[in-house]
Ligand code: BG6
């Protein structure tokens with residue numbers, strides 16, 4: 001597709017997301033590619049154009065020379081007002097010099113209100129909508145939001161953001177799988193015993209208590225990011241790498257996925273942190289964090305086991321886990337192969353092979369068994385390690401490239417977003433009814449015992 005000139009109209013531009021992720025992502029994109037992007041900030045808070053331009057420059061400096069922002073500053077504008085008001089939205093669209101990309105950096109409830117207001121506004125030809133997660137708050141609200149959005153613009157102009165789909169190591173799952181006989185020939189339930197997708201973080205709430213307390217680890221990480229990763233691990237090879245084929249195959253995996261044994265109580269675990277030390281930072285108990293209502297029983301560590309009920313995967317557990325304030329970063333896809341039968345005459349039992357992809361470091365490790373150095377036929381464990389170069393763009397930059405070029409390949413399609421809610425719905429219900437105990441772990445530990 002031809003790159004185009006766009007006006008990036010950020011609704012909710014006063015928030016942390018804009019400064020910490022969105023503008024740095026844009027900076028990484030514009031350092032690599034020459035696109036004409038006008039950046040318009042819109043929010044309730046008063047701010048001058050000069051302050052907005054300073055914010056853009058400052059956010060650019062997180063990834064590149066701040067001077068690289070200069071050519072985008074002249075056209076950049078900040079407009080104060082109520083973004084839920086149709087008349088104000090018209091004013092904002094009039095300020096756009098190019099095809100507008102309306103970027104919803106807003107909480108789900110406000111997004112719904114803005115979408116409803118946009119129905120009263122005539123959108124310029126080609127207007128694109130970019131929506132941050134969480135997309136809705138459950139299956140019903142996601143469906144309702146999709147219906148409203150479908151009345152505004154065609155689906156190809158809708159970009160539901162999941163920055164994991166912009167991570168070069170996440171996309172590398174497809175390269176590794178489909179470009180190597182090694183992997184593709186063993187990629188099914190006959191050879192693979194179990195898959196784990198783990199995203200443990202050292203980070204705590206980082207001032208996001210108000211948001212996080214209503215999401216929790218399950219919605220913040222598993223329902224969105226980790227299910228997208230699962231879709232790439234489990235999908236059939238798309239006949240073409242375009243937005244229709246790739247996303248249809250991802251959607252097919254998600255449609256086939258359900259909680260293991262359809263038993264959300266036995267197949268899920270949740271916990272939250274108590275006071276402790278993460279590195280040299282002391283964290284209070286989650287319940288004492290700012291913006292947290294302990295009565296909501298929000299988890300900061302979640303694990304669920306799923307089955308992808310297809311001929312390829314039936315009977316293979318996929319374990320998804322993510323947590324905050326843990327003692328070490330583990331951001332891995334781990335594929336555990338089935339054991340080979342014992343080999344007569346060899347010393348020691350062969351350990352099952354394994355494949356590990358580290359989503360942050362880019363390491364790919366194969367755990368293999370071969371003859372060791374002592375007994376000539378004594379089996380020992382070895383690791384084969386390959387390292388992928390990091391991608392040039394930040395994940396947000398990668399996703400923004402699709403938006404600027406009008407290519408939704410790396411964004412979440414309407415049906416995918418709904419399936420993700422459907423998959424976790426039984427777990428959310430069981431947790432709400434307190435059918436699964438809320439365990440505890442000290443901040444900085446490796447989680448509750450036995451996880
Ligand atoms: C975000 C979550 O979407 O992803 C955060 O809201 C989480 O809670 C983050 O920390 C993890 O992604 P990354 O790219 O920061 O490792």
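How many residues are surrounded by fewer than 17 Cβ atoms within 10 Å (Cβ to Cβ) and either in contact with a helix residue (DSSP H, G or I) (Cβ under 7 Å, 6 or more places away or on another chain) or over 28 Å from residue 173 (Cα atoms) (or both) if we restrict to segment 339-359?
Residues in segment 339-359 being surrounded by fewer than 17 Cβ atoms within 10 Å (Cβ to Cβ) and either in contact with a helix residue (DSSP H, G or I) (Cβ under 7 Å, 6 or more places away or on another chain) or over 28 Å from residue 173 (Cα atoms) (or both): 9 in total.
Listed residues 18, 84, 80; which is within 27 Å of the chain's Cα centre (by Cα), closer than 21 Å to residue 111 by Cβ and free of Cβ contacts under 8 Å to residues at least 60 places away in the same chain?
84
Somewhere in segment 377-394, is a residue crowded, with 17+ Cβ neighbours inside 10 Å, modelled with pLDDT of 95 or more and closer than 30 Å to residue 275 by Cα?
No, every residue in segment 377-394 fails to be crowded, with 17+ Cβ neighbours inside 10 Å, modelled with pLDDT of 95 or more and closer than 30 Å to residue 275 by Cα.
Condition test on residue 178, is it at pLDDT 95 or above, within 11 Å of the ligand (Cβ to nearest atom) and touching a helix residue (DSSP H, G or I) at 6+ places or on another chain (Cβ under 7 Å)?
no
Looking at 438, 446, 357, which is the one that is within 16 Å of the ligand (Cβ to nearest atom) and under 27 Å from the mean Cα position of the chain (by Cα)?
Working: 438 fails: within 16 Å of the ligand (Cβ to nearest atom); 446 fails: within 16 Å of the ligand (Cβ to nearest atom).
One residue alone meets the criteria, 357.
Which fully enclosed strands (runs of 3 or more DSSP E) of segment 295-380 have 2 or more residues being free of Cβ contacts under 8 Å to residues at least 24 places away in the same chain? Break it down stepwise before answering.
Numbers: elements: 301-308, 317-323, 330-337, 354-358, 363-371.
Strands (runs of 3 or more DSSP E) meeting the threshold: 363-371.
Restricting attention to segment 193-221, and to residues there that are surrounded by fewer than 19 Cβ atoms within 10 Å (Cβ to Cβ) and assigned to a helix (DSSP H, G or I), which single residue is nearest to the ligand (Cβ to nearest atom)?
211
Restricting attention to segment 284-293, which residues are under 25 Å from the mean Cα position of the chain (by Cα) and buried (at least 16 other Cβ atoms within 10 Å of the Cβ)?
Those that are under 25 Å from the mean Cα position of the chain (by Cα) and buried (at least 16 other Cβ atoms within 10 Å of the Cβ): 286, 289, 292.
The values are calculated or read from the model by the stated rules, or taken from the named source; none is laboratory data. All figures in this text were calculated on a predicted structure; none of them were measured in a lab. As a convention, Cβ positions derive from the backbone with ideal geometry for all residues, glycine included, and neighbour counts pool all protein chains shown.
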